Amino acid sequence: MPETPLKNQIIAWLRGYDYWFQYAGNRLLEGENVSDELASSTYNLFKEDYGLKPIDAERAEIAFNEIAVSATSAVEHLELQLIKEIENVNALASGQSIPICPNLTIIYGGNGTGKSGYIRLLNNAFNSRGDKNILPNVFNGAATGAPNCKFTFQSAAATYDLQYPLQKDSIEFIQFSVFDTQSIRVHLEQDNKLNFTPSGFEFFEKVIALYELLKAKLSADINANRPINEFVNYFLNDNAIRTQILNLGATSNEEGLKVLGNYTEEDAAKLTALIAKREELKALDIPKKIAELQMLLSQLLEFIDRQQSILDCLKPNDIEDYKSLINSFHKFQELAKQEGVKSLEEFNIEQLGSNEWKEFIKASRSYASLIEANRGSIAYPSDQENCLFCLRPLTEKENALINSYWNLLKSEAEGELNRIIQVIRELEKKLKGLPPAKFNESTTLFDFVNSIDPTLAARWNEIASASETSRQNVIQNLANRNLDLPMTSFTVYSNELDGFVAKLKASIADLFQKNPAKELADLEIEIQFLTDKSLLNKLLDKVLAFVAAHKWAAKAESSASAFNTKSITIKQGDLFTSHITDKYTDTFNTECSKLNAPKIVNIVQRNARISTLRKLQVAGVVANSVLSEGEQRAISLADFLTEVQLNPYNKGVFFDDPVTSQDHLRREKIAERLVELASKKQVIVFTHDIAFFIRLKIFAEASGLNHIITTIRNIGGTPGVISPDLPWIAQNVKARIGTLKDRLVRLKKVEREATPDEYFFAAKSWYNLLREAWERAVEERLFKGVVERFLLGVQTQKLKKVIVTNDLIAEIEKGMTDSSNWLHDAAAGLNPTPPDTAKAEIDLKFLEDFAAKCVPA
């Protein structure tokens, strides 16, 4: 049974999806690219399928065309002819050109010649997993531009140039691939996607690109249908309407909002009545009255407390006590004075017995007590003491005077006097500390009491005034120690005013009972709700539109899962397995056989977003952790060759030293395989391995394959110079004769212009090359290539063409002798002279004649 075409399999898969996806998939299958028009029309169908908009018109059935069309956008009959005008790539020489053969191009470059710079350029220009790090010339301080070059291509239509990197997106650049040392690691260690899209699989890439456009459109619509809720700024009252407004969105109940926003005439009338009632209650201003009465109560309680404190100090017995203290003061003052005068009259002291004098004596006694304490309680004055004030020694008489002072202070009259003074001072302090009790026509408290009981108000006005006057008189009398001012006593109590306290408390309690605060609060809640209801009624259409937009956005957001790429990736992977993977495995195994690479490596596949990735493993382990370095390189090369063969668009491949770390057997296999591949596509090989270089050349010549050989050289410290001349070791006899002729011209110039020593060294070098040319002539011309260096075996089939005569042997011996005689180190006494250039020309002509006699096989 024939295999179902890929397109038909995709169509069968599409039929299981919604109309919008079938529509877009069909257009993409028929070769359309993703466009804004396709995205817009598909997006409209998507919204219809998901109920995000009504269906505009009757839909036509999708007409799938199950005719597999193998279309490719690649350039057919493409050939790379030349790489030229290379600029700003590492330190490579500018303006170089590399001709490319339609089949095999072999490019030799030793270490330091710039080969890596060319490879990095190619890695950037073409398909590559290799080293793309292009540096400017680090040895040149001058600023350089970006790397660039031109590639000359030949198509069926014409020859044309493409500029890199300006035209990097041209399709030609994806039709060539590059393999270098870094590519080896990538092939072994990483998950790798094919460097090409197999024919028909571009459908999945287009679908993903379309998905991105559709997701962008859906996301923009979702954002546009999620306006900011500005209604919350209008509804500030804490009620059911504000709760609904705060939570407006996709989950809002539209019917519930309509009910809340249904503002009727009855609601309007009720709102008017509620506002009128609120104003009526506010006019009562009961809270203010309560505050005023509470203030009066506080003032009354304060007055009662203060007034009673004053009255408590002015009772009749208190007044008598004040008088008695003052009289006692004068009595004991006189007694103390008399006692002091009698004992001190002989000393003739001024102001003796005065209050100032007594205070002075008391202060002196305190100072003397301090001195006594500091010296272990030894009394002052003792023998040989000094005066406390003038510090002169005290006489016996002066000691007696001081002791008389101390005795005076110890007398009973003086002690009692001091006690009375202390009591008077404490009473004075107490009376001064009492706060005044103000109750007169200037206070609101008086007005309040007077409005109820004028007689009582007048009575306490008089008591407050008289008691304050009496208190001040008592204070003055105590301070002056006399009875000059009248001191009135009182037998009344301020509890006469307790009735007013009771009345105020009762009035306050009554007002609290009548306080409409709760009723006002309840009215305010109803008024706010009806006011918000009226506002919601006016904004209802906008509110419902806001909710509808958010519901649409939520529904649209839930539909975004339609653009999940998982199912596409799975389908792409399944189809890739059936159409590509099996072929890939077969081709890979074939390549391993041709390269003598181990066949124990498995290709493990996994699907990623619209890509199928592969990894090389051995028994479930990454290949590079199991295989030897040579095996790793061979496996990587097999993987690369497999990929480019399955790529129908690939026209050529570049290789950078593909035989590094390989033994001679596998090198032979790789050389043979690349020459074989060059018969089907362009193969360009860069190598620094001269043996591999020669093997490629020999295989190409043996198979009659068209090929070009060139070299990369470092000339005068400038790497990257392209030269068609082969390195000496790779030249055949004919090429070597040509090289010797060129060098003979230079040798003649040295002979004419340089010193004898310089000519000596130049001639010795030239004759050394002539000797090597004779050695190559024996291999190539005499033995017809039966035995050659760099060959793995003996070409016995060429033996029948070998002719060896005595004359030929004699010529070889002569040529080898003439070129070798003076090359070896000679005794200083011999002082050998090198042949001149005329002799050298004769010796070269002798080799050329020999070569003409012995033509190659």
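The values are calculated or read from the model by the stated rules, or taken from the named source; none is laboratory data. For clarity, every value in this text was computed on a predicted model and none was experimentally measured. Cβ placement follows ideal geometry from the backbone for every residue including glycine, while neighbour counts extend to all protein chains displayed. To get the accessible areas, we keep the full protein, side chains included, count just its heavy atoms, and leave off ligands, DNA and RNA. Shrake-Rupley method; radii C 1.70, N 1.55, O 1.52, S 1.80 Å.
Give me a count of the residues in region 183-209 that are at pLDDT below 85, in a helix (DSSP H, G or I) and open to solvent by 50 Å² or more (accessible area, probe 1.4 Å).
Within region 183-209, residues that are at pLDDT below 85, in a helix (DSSP H, G or I) and open to solvent by 50 Å² or more (accessible area, probe 1.4 Å) number 3.
Could you please find all residues in region 30-57 being more than 41 Å from the chain's Cα centre (by Cα) and either modelled with pLDDT of 85 or more or of a type in the set (K, R) (or both)?
Within region 30-57, P54, I55 meet the criteria.
Could you check region 404-502 for helices (runs of 4 or more DSSP H) lying wholly inside it with 2 or more residues that are under 27 Å from W357 (Cβ atoms), among the small types (G, A, S) and at pLDDT 90 or above? Give the derivation first.
On the way: elements: 412-433, 444-452, 454-480.
Fully inside region 404-502 and qualifying: nothing.
Which one is nearest to D582 (Cα to Cα), of the residues in region 628-653 that are in contact with a Ser or Thr (Cβ under 8 Å, 6 or more places away or on another chain) and assigned to a loop (DSSP other than H, G, I, E, B)?
Here the residue is N647.
Just wondering, is there one or more residues in region 143-150 that are modelled with pLDDT of 90 or more, open to solvent by 50 Å² or more (accessible area, probe 1.4 Å) and over 30 Å from I11 (Cα atoms)?
Scanning region 143-150 turns up at least one residue that is modelled with pLDDT of 90 or more, open to solvent by 50 Å² or more (accessible area, probe 1.4 Å) and over 30 Å from I11 (Cα atoms).
Against the definition (buried (at least 16 other Cβ atoms within 10 Å of the Cβ) and free of Cβ contacts under 8 Å to residues at least 12 places away in the same chain), how does E779 come out, yes or no? Spell out how you get there, then give the answer.
Numbers: buried (at least 16 other Cβ atoms within 10 Å of the Cβ): yes; free of Cβ contacts under 8 Å to residues at least 12 places away in the same chain: yes.
In short, yes.
Can you name the condition, by its number, that L530 falls short on among (1) within 18 Å of S298 (Cβ to Cβ); (2) in a helix (DSSP H, G or I)?
Failed condition: (1).
Looking at (1) under 13 Å from G110 (Cα atoms); (2) not in a strand (DSSP E or B), find the lone condition where R713 falls short.
(2)
Restricting attention to region 405-423, does a residue exist that is of a type in the set (D, E), open to solvent by less than 30 Å² (accessible area, probe 1.4 Å) and in contact with a helix residue (DSSP H, G or I) (Cβ under 9 Å, 6 or more places away or on another chain)?
yes
For region 466-517, which residues satisfy the criterion of being surrounded by 15 or more Cβ atoms within 10 Å (Cβ to Cβ) and among the aromatic types (F, W, Y)?
F490, F500, listed by residue number.
Just to confirm my filter: which helices (runs of 4 or more DSSP H) fall fully inside region 241-328 and include at least 1 residues that are over 30 Å from R459 (Cβ atoms) and modelled with pLDDT of 90 or more? Lay out the reasoning, then the answer.
Details: elements: 254-260, 265-284, 286-311.
In region 241-328, 254-260, 265-284 are the helices (runs of 4 or more DSSP H) which contain 1 or more residues that are over 30 Å from R459 (Cβ atoms) and modelled with pLDDT of 90 or more.
So which residues in region 159-176 are outside any strand (DSSP E or B) and out of contact with any Lys or Arg (no Cβ under 7 Å at 6 or more places or on another chain), if there are any at all?
Filtering region 159-176 for residues outside any strand (DSSP E or B) gives 165-175.
P165, L166, Q167, K168, D169, S170, I171, E172, F173, I174 - these are the residues of region 159-176 that are outside any strand (DSSP E or B) and out of contact with any Lys or Arg (no Cβ under 7 Å at 6 or more places or on another chain).
Specify the residue that is farthest from N229 (Cα to Cα); the eligible residues are those in region 550-586 that are modelled with pLDDT of 90 or more and open to solvent by less than 20 Å² (accessible area, probe 1.4 Å).
Here the answer is S559.
Give the residues of region 695-740 that are in contact with a Leu (Cβ under 9 Å, 6 or more places away or on another chain), of a type in the set (S, T, N, Q) and farther than 14 Å from A678 by Cβ, sorted by residue number.
T710, T711, T718, N732, T739, listed by residue number.
Could you tell me whether region 610-628 includes any residue that is among the charged types (D, E, K, R) and either over 24 Å from D131 (Cβ atoms) or at pLDDT 80 or above (or both)? Break it down stepwise before answering.
If we filter region 610-628 for residues that are among the charged types (D, E, K, R), which is where we start, we get 614-615.
If we keep only those that are either over 24 Å from D131 (Cβ atoms) or at pLDDT 80 or above (or both) as well, we get none.
No.
Within the set of pairs 6 or more residues apart or between chains, which connect a residue that is closer than 16 Å to I310 by Cα inside region 416-435 to a residue that is open to solvent by 50 Å² or more (accessible area, probe 1.4 Å) with Cβ atoms less than 8 Å apart?
Final answer for the pair search is L434/R306; P435/R306.
Can we say N473 is polar (S, T, N, Q), touching a helix residue (DSSP H, G or I) at 6+ places or on another chain (Cβ under 9 Å) and over 30 Å from K282 (Cβ atoms)? Quick ask: steps written out before the conclusion?
Working: polar (S, T, N, Q): yes; touching a helix residue (DSSP H, G or I) at 6+ places or on another chain (Cβ under 9 Å): no; over 30 Å from K282 (Cβ atoms): yes.
It is false that N473 is polar (S, T, N, Q), touching a helix residue (DSSP H, G or I) at 6+ places or on another chain (Cβ under 9 Å) and over 30 Å from K282 (Cβ atoms).
Pairs needed: first member in region 464-482, within 14 Å of L311 (Cα to Cα); second member anywhere, hydroxyl-bearing (S, T, Y) and assigned to a helix (DSSP H, G or I); C-beta distance under 6 Å; at least 6 residues apart or different chains.
So the pair list comes out as V474/Y322.
Which pairs turn up if I take residues in region 717-730 that are under 10 Å from S94 (Cα atoms) and at pLDDT 75 or above and look for partners that are open to solvent by 50 Å² or more (accessible area, probe 1.4 Å) and charged (D, E, K, R) with beta carbon separation below 6 Å, at least 6 apart in sequence or on another chain?
V721/R713
When region 18-43 is examined, which residues are found to be open to solvent by 60 Å² or more (accessible area, probe 1.4 Å) and within 19 Å of L213 (Cα to Cα)?
Matches in region 18-43: D18, E32, N33, D36, E37.
What pairs come out if I take residues in region 675-699 that are surrounded by 22 or more Cβ atoms within 10 Å (Cβ to Cβ) and pair them with residues that are assigned to a helix (DSSP H, G or I) and of a type in the set (K, R) whose C-beta lies under 6 Å away, six or more apart or interchain?
Every condition considered, the pairs that remain are F686/K115; F692/R667.
Between A276, A250, which is small (G, A, S) and surrounded by fewer than 15 Cβ atoms within 10 Å (Cβ to Cβ)?
A276
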